[in-house]
Amino acid sequence: MVLSQNPWWYDNLTTNKVTISGEVSEVDLHYSFKANLGWLGRFFLIVKRISGKEDHIPVVMLTRFLTSEELIDGQKVKIQGKIISQNKRGEGDGKFHRVFIFGERIYYYNKTDAFPEREEVNKVHIFGCVSREPNYKVKRSGQRIFEFMVCVNGGPYFTPSYIPIILWDKTAEWARDTITVHTPVDIRGRIQSRYYVKVEDDQRKLVEVYDVSSWTVNIMRRN
């Protein structure tokens, strides 16, 4: 989407906030190098849902803010930052859309302690604009789903990000008749991981993807 001039809601796109807590796994302190930042480390957070299911969420942070002595598998942490996406080249000539958290602050807990209940969080709050035609569908189970992509501000170090959003059931029905391309929206929800089977050259491959499951969505209107 190309804007000839900034619309009235443009300044609100600075809202891109994530707070999430979980257990650290798969630490790589030299994951990649970004010219304007330096070395970036990556790890995954194992985040438990109320249902007991676990999400495995990728987190990228500046290596200079991380230490191998503190950031170890099993360590409990809370991360504050932004949700970011990048298009990366995969196997062969294909590309894939990678969603992750760019951590700006990290808080460590005692490894032997359980999280205080108030700290068990997985919260995303973003303002953005719907960037492609939404998709409404009904699963065989009867569950209604509304999927769309939102363009959000990537902050000072990343280009604008495109975040996949999922709405469910009654909210999905409301959105089907309300949300279209270019609709400015205020999204609150949680980041989740899920798997789907990708068929490519008659080969079936299990792929893990990340999106935001939203419990609240509001259309941004001019006051």
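The values are calculated or read from the model by the stated rules, or taken from the named source; none is laboratory data. On a predicted model such as this, the values are computed, not experimentally measured, just so you know. Glycine gets a Cβ as well: all are built from the backbone with ideal geometry, and neighbour counts include every protein chain shown.
Considering (1) buried (at least 17 other Cβ atoms within 10 Å of the Cβ); (2) touching a Ser or Thr at 6+ places or on another chain (Cβ under 9 Å); (3) of a type outside the set (Gly, Ala, Ser), the lone condition that Val181 does not fulfil carries the number (1).
Does at least one position in region 140-152 carry a residue that is assigned to a strand (DSSP E or B) and more than 25 Å from Asp55 (Cα to Cα)? Scanning region 140-152 turns up no residue that is assigned to a strand (DSSP E or B) and more than 25 Å from Asp55 (Cα to Cα). Checked against the criterion of being outside any loop (DSSP other than H, G, I, E, B), touching a residue at least 12 places away in the same chain (Cβ under 8 Å) and in the same structural domain as Val47 (by TED's automatic domain parsing), the candidates Ile165, Ile191, Ile106 yield just one match: Ile106. Can you spot a residue in region 134-152 that is modelled with pLDDT of 90 or more, hydroxyl-bearing (Ser, Thr, Tyr) and assigned by TED's automatic domain parsing to the domain that holds Met61? Within region 134-152, not a single residue is modelled with pLDDT of 90 or more, hydroxyl-bearing (Ser, Thr, Tyr) and assigned by TED's automatic domain parsing to the domain that holds Met61.
For Tyr157, indicate whether it is out of contact with any Pro (no Cβ under 6 Å at 6 or more places or on another chain), surrounded by fewer than 17 Cβ atoms within 10 Å (Cβ to Cβ), under 13 Å from Asn16 (Cβ atoms) and hydroxyl-bearing (Ser, Thr, Tyr). Considered against the rule, which asks whether it is out of contact with any Pro (no Cβ under 6 Å at 6 or more places or on another chain), surrounded by fewer than 17 Cβ atoms within 10 Å (Cβ to Cβ), under 13 Å from Asn16 (Cβ atoms) and hydroxyl-bearing (Ser, Thr, Tyr), Tyr157 comes out as yes. Hey, any hits in region 198-210 for a residue that's part of a strand (DSSP E or B), farther than 21 Å from Phe44 by Cβ and touching a Ser or Thr at 6+ places or on another chain (Cβ under 9 Å)? Checked against the condition, which is being part of a strand (DSSP E or B), farther than 21 Å from Phe44 by Cβ and touching a Ser or Thr at 6+ places or on another chain (Cβ under 9 Å), region 198-210 yields no hits at all.
For region 1-22, the set of residues classified as surrounded by fewer than 19 Cβ atoms within 10 Å (Cβ to Cβ), part of a strand (DSSP E or B) and either modelled with pLDDT under 55 or of a type outside the set (Val, Ile, Thr) (or both) consists of Lys17 only.
Considering every residue within region 192-202, establish whether at least one is of a type outside the set (D, E, K, R) and surrounded by 13 or more Cβ atoms within 10 Å (Cβ to Cβ).
Yes, region 192-202 contains a residue that is of a type outside the set (D, E, K, R) and surrounded by 13 or more Cβ atoms within 10 Å (Cβ to Cβ).
Only one of the listed residues (Ile57, Ile46) is in contact (Cβ under 8 Å) with a residue 12 or more places away in the chain and in contact with a His (Cβ under 7 Å, 6 or more places away or on another chain). That residue is Ile46.
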